[in-house]
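Shown next, in structure tokens, is the structure this report addresses.
What follows draws every value from the coordinates through simple rules; no lab data is involved. Please read these numbers as outputs of a predicted model, since none were measured by experiment. We place every Cβ from the backbone using ideal geometry, glycine too, and count neighbours over all the protein chains shown.
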Amino acid sequence: MESESQMQKTADNLDSFIQKINLRLEYLIDNAFPETDVLSDAVKYSLLSKAKRLRPSIVIATGKAFNVPEDISIDPACCIEMIHTYSLIHDDLPSMDDDDYRRGKPSLHVAYNEAIAILAGDFLLTYPFEVLANLKSVSAEKKINLVKVLANRSGGNELIKGQVIDLTSEGKDLPQEMVEKMHLKKTASMILASLEFAAVLGDASQSEITILQEIGKSVGLAFQIKDDILDVTSSTDILGKPAKSDVINKKATFVTCIGIDKAKVYVDALKTKSVKLLNSLNRNTLDLEQLIENLFSKKA
Ligand code: GRG
């Protein structure tokens, strides 16, 4: 049982991760653009808007469990957030989900235009690889392994594959195993990349990597099932993105597949599994545990 002071310390740690991530993202973007232009403005509009910073926080928190200093994990963490933000920008485009509202304000293609939104997404997909190549105090071998993880998890067999399944199955009744596959690809992939980044930086053993990957799958799946549930139970104001979007777009979700009640039971089972896996790491994972707890209780 965690003491009250330990819980406060964990909450302070998570807040400080978010503040550091926000500052570093701004620094990295300023560094990429010697002069302000419409692209740098558009990138900042999306990237620096209010977001939970879940994935980069996972990199830092898991890194800490593997003795990786925050000043080493911060840039790889920001790379994941950039890729995640690109995927949201492109997902909102008229040719994809055509959503006008994201992170509590008009989507990028609405605030600017479609071409600029595509280009801002392109920038956020490519710049992270430059940032990884330029990392200081990280060996060349580790940089290559980080690049491999990021290219793989954001690539045609993972994040992009999930989006393809999502878009091509609109209006269809998918079996549960196919919805699960889509969720693992679309949503778990960036959470898996976050855990694998920490594993690379912290020299995790093969058995630890396997446990981290199992955690990533359970947590990623649960995160998306919660999202499926919130789409029908919450509001646009609370979510900061359109509610009932899945219903309107005729998406196959866990709610359409097994119903809200069974979906909630499944999320609870995934939570129990994740905590068990986390404990089996035998490391100081208090920050990571709290992050996962926040994610399971997410209301937006
Ligand atoms: C365009 C290749 C490509 C992929 C898009 C990420 C994605 C795939 C689609 C976005 C829509 C969606 C429902 C994604 C599932 C993951 C998810 C719930 C994203 C929102 O992430 P949060 O809640 O948002 O962490 P913030 O804004 O806090 O970062």
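Side notes on the structure shown:
- The helix-only estimate of mean residue ellipticity at 222 nm for the chain, built from DSSP H runs of length n ≥ 4 each weighted as -39500 (n - 2.57), is -23000 deg cm²/dmol after division by the residue total.
- Extension gain (nm, one decimal) between Glu4 and Lys298, 0.36 nm per residue minus Cα-Cα: 103.7 nm
- Proxy reagent accessibility, fewest Cβ within 10 Å first, across Ile215, Ile260, Ile58: Ile260, Ile215, Ile58
- Taking Cα centre as origin and charging only the Cβ of basic (Lys, Arg, +1) and acidic (Asp, Glu, -1) residues, the dipole magnitude of region 1-103 rounds to 380 debye.
- Rounded to whole Hz, the Karplus (6.51, -1.76, 1.60) HN-Hα couplings of region 226-242, x for glycine and proline: 4, 4, 4, 5, 5, 4, 9, 9, 9, 10, 4, 4, 6, 6, x, 8, x
- Computed from label points 7 Å out along Cα-Cβ, the spacing between Asn282 and Asn134 is 4.1 nm.
- The length gained by stretching the chain between Lys50 and Glu114 to full extension, at 0.36 nm per residue less their Cα-Cα distance, is 20.9 nm.
- Gain on full stretching of the segment that runs from Glu170 to Asp237 - 0.36 nm per residue minus C-alpha separation: 21.6 nm
- Too-long pairs where the Cα-Cα distance tops 26 Å, listed order kept, from Lys20/Lys181; Lys148/Lys226; Lys142/Lys276; Lys64/Lys264; Lys148/Lys181: Lys20/Lys181; Lys148/Lys226; Lys142/Lys276; Lys64/Lys264
- Sequence-distant residues sharing a close amide H with Arg102 (under 5 Å, placed H): Ser107
- Region 242-263 and region 87-102: distance between their alpha carbon centers, rounded to Å: 18
- Charged side chains reduced to their Cβ positions (Lys and Arg at +1, Asp and Glu at -1) give the chain a dipole of some 600 debye around its Cα centre.
- Distance from the C-alpha centroid of region 33-65 to that of region 125-203: 17 Å, rounded to the whole angstrom.
- Here the label points at Lys244 and Thr210, each 7 Å from Cα along the C-beta direction, are separated by 4.8 nm in the simple model.
- Inverse mean reciprocal Cα-Cα distance (Kirkwood Rh) of region 4-292, Å: 19.4
- Under 10 Å, Cβ to Cβ, from Ala77 - net charge with Lys/Arg +1 and Asp/Glu -1: +1
- For region 67-77, 3J(HN,Hα) per residue [Karplus equation, 6.51 cos²θ - 1.76 cosθ + 1.60, θ = phi - 60°, Hz, x = Gly/Pro]: 6, 8, x, 4, 6, 8, 7, 5, 5, x, 4
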